[in-house]
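Just below is one structure, and these are the notes that go with it.
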Amino acid sequence: MTALEPSDAVVADEHAARADESGVLGRAYRALSVGIVSVVLVIAFEATAVGTAMPVAARELHGVPLYAFAFSGYFTTSLFGMVLAGQWSDRKGPLGALATGIGAFAAGLVVAGTAQSMWVFIAGRAVQGFGGGLVIVALYVVVGRAYPERLRPAILAAFAAGWVVPSIVGPLAAGTVTEQLGWRWVFLGIPPLVGFPLALALPQIRRRAGGPVTEEGRGAFDRRRIRLAFGISLGAGLLQYAAQDLRWVSVIPGLLGAALLVPAVLGLLPRGTYRAARGLPSVVLLRGAAAGAFVSAESFVPLMLVTQRGLSPTLAGFSLAAGGVTWAVGSWVQARPRLEPYRERLMTLGMVLVGAAIATAPTVLLPGVPVWTVAVAWAFGCFGMGLVIASASVLMLRLSAPEEAGANSAALQISDALSNVVLLAVTGAAFASLGGGSLTGAAGSGSRPAAFAAVFLPMAGVALAGAWVTRRLRDQAS
């Protein structure tokens with residue numbers, strides 16, 4: 001080689017730079033980006049469709065008292081799936097976890113769609129949750145391994161953009177299918193959609209993100225973490241069951257659930273998470289506060305609009321449709337390079353918007369407040385969530401060594417799901433204790449404004465507490 005000939009290292013650097021500059025939809029990343037965003041698209045259709053159909057499904061299965069459990073059952077089993085996916089991805093690569101997760105997700109939809117009782121329906125949601133837990137952590141590991149740091153905000157913004165069409169079309173389509181064909185087809189119509197993401201994404205993931213980061217990383221799963229994952233999932237389930245069954249005998253499963261949950265949480269989340277230690281622990285805590293408050297409140301919005309204001313399932317679900325667009329806009333805003341120095345301030349603004357949206361939603365319980373107030377408030381709240389959720393993922397990957405991306409991605413998602421389970425348990429218990437369990441899920445089934453207020457107002461407080469946590473996202477050294 002002459003002095004004028006570039007070395008292999010220089011050539012490799014030039015190739016990497018050109019790929020980096022091509023963007024997430026450039027030739028180097030196009031197939032991978034389209035494939036994994038398609039996975040998000042399928043999950044988004046499920047989430048928006050299920051939220052619309054849930055009030056009707058709960059009524060027909062005589063399960064309105066278990067309404068919150070139908071949502072939290074998903075998050076409970078996803079906790080185990082998340083830890084398993086983190087272990088799986090760090091040791092063998094994310095490919096197997098992603099493929100298995102999509103299969104379980106589809107199987108759970110079939111179980112839920114064919115259920116003849118509320119408990120079987122909840123079991124189907126639990127299978128979905130396990131698959132969803134595998135998928136979401138595997139996707140974050142793919143982002144961390146396959147994309148350079150400067151492209152990660154953009155692909156995470158694309159994840160949020162994948163919710164736009166489902167958030168607009170999903171509620172309308174689900175409401176129409178529910179009213180014309182029945183709620184079961186909302187669930188049974190989604191599994192056929194998983195084929196395209198699998199065919200497009202898996203070969204690219206095998207090539208770009210397959211296998212462990214290093215040969216030293218290859219090995220057996222950490223059995224201690226798997227046991228803790230089982231403990232956190234079982235404990236969360238027992239706690240949720242106790243919260244839904246408001247009798248003295250429920251104290252026993254509640255205490256047992258707490259006994260399993262607390263040590264498992266301490267073992268799986270970064271040290272200092274629950275005291276908002278600076279850096280990664282506060283990022284993980286903030287993700288839980290944002291997701292838990294928002295999901296717990298949003299789960300009750302369609303039920304409130306159907307039972308208290310007489311909207312059809314279609315209109316009730318469609319009232320949240322604009323949120324998908326504004327969520328994507330928020331994610332796009334945080335991905336702008338010139339705003340990178342202000343990321344923490346954007347997250348503070350995001351949490352304030354989320355808190356304000358949740359606090360505004362129950363004002364429609366007053367007859368003089370127009371129903372569209374919820375749609376406007378939720379649009380602003382979703383913009384805030386777009387700022388916060390994508391930014392939290394960016395910070396988590398930045399603070400993680402490559403060989404820790406799976407474990408830390410799992411910790412971020414565990415905080416998310418665990419907060420959903422715990423806060424849904426709390427809000428579900430408050431809702432039931434104030435008469436919400438006597439609602440039939442149909443318009444005119446009774447007025448229970450206090451039950452709904454007991455859901456929304458505390459969650460607004462959680463969101464505003466999250467705004468304080470955003471002040472602790474940077475390490476003291478930075």
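The values are calculated or read from the model by the stated rules, or taken from the named source; none is laboratory data. Everything quoted here is computed from the prediction, not taken from an experiment. Positions of Cβ are generated from backbone atoms using ideal geometry, with glycine treated the same way; all protein chains shown enter the neighbour counts. For the accessible areas, the whole protein counts, side chains as well, though only heavy atoms, and no ligand, DNA or RNA atoms are used. Shrake-Rupley method; radii C 1.70, N 1.55, O 1.52, S 1.80 Å.
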Among (1) of a type in the set (Ser, Thr, Tyr); (2) open to solvent by 10 Å² or more (accessible area, probe 1.4 Å); (3) in contact with a helix residue (DSSP H, G or I) (Cβ under 8 Å, 6 or more places away or on another chain), there is one condition residue 89 misses while meeting the rest; what is its number?
(2)
Hey, any hits in region 326-336 for a residue that's over 25 Å from residue 469 (Cβ atoms) and in a helix (DSSP H, G or I)?
no
Anything in region 369-402 that is assigned to a helix (DSSP H, G or I), closer than 30 Å to residue 281 by Cβ and open to solvent by 30 Å² or more (accessible area, probe 1.4 Å)? List them, or say none.
380, 383, 398, 402
Take residues that are modelled with pLDDT of 85 or more and tell me which of the helices (runs of 4 or more DSSP H) falling wholly in region 1-112 contain 3 or more.
30-60, 67-92
With (1) within 20 Å of residue 302 (Cα to Cα); (2) in contact with a helix residue (DSSP H, G or I) (Cβ under 8 Å, 6 or more places away or on another chain) as the list, and residue 335 as the residue in question, which single condition is left unmet?
(1)
Kindly list, by first and then second residue, each pair from a residue in region 296-307 that is under 12 Å from residue 427 (Cα atoms) to a residue that is among the basic types (Lys, Arg) and not in a loop (DSSP other than H, G, I, E, B), limited to pairs with Cβ atoms under 7 Å and residues at least 6 apart or on different chains.
none
Any idea how many residues of region 297-317 are modelled with pLDDT under 80 and surrounded by fewer than 22 Cβ atoms within 10 Å (Cβ to Cβ)?
3
Of the residues in region 113-142, those that are in a helix (DSSP H, G or I) and open to solvent by 40 Å² or more (accessible area, probe 1.4 Å) come to 119, 120, 123, 127, 130, 136
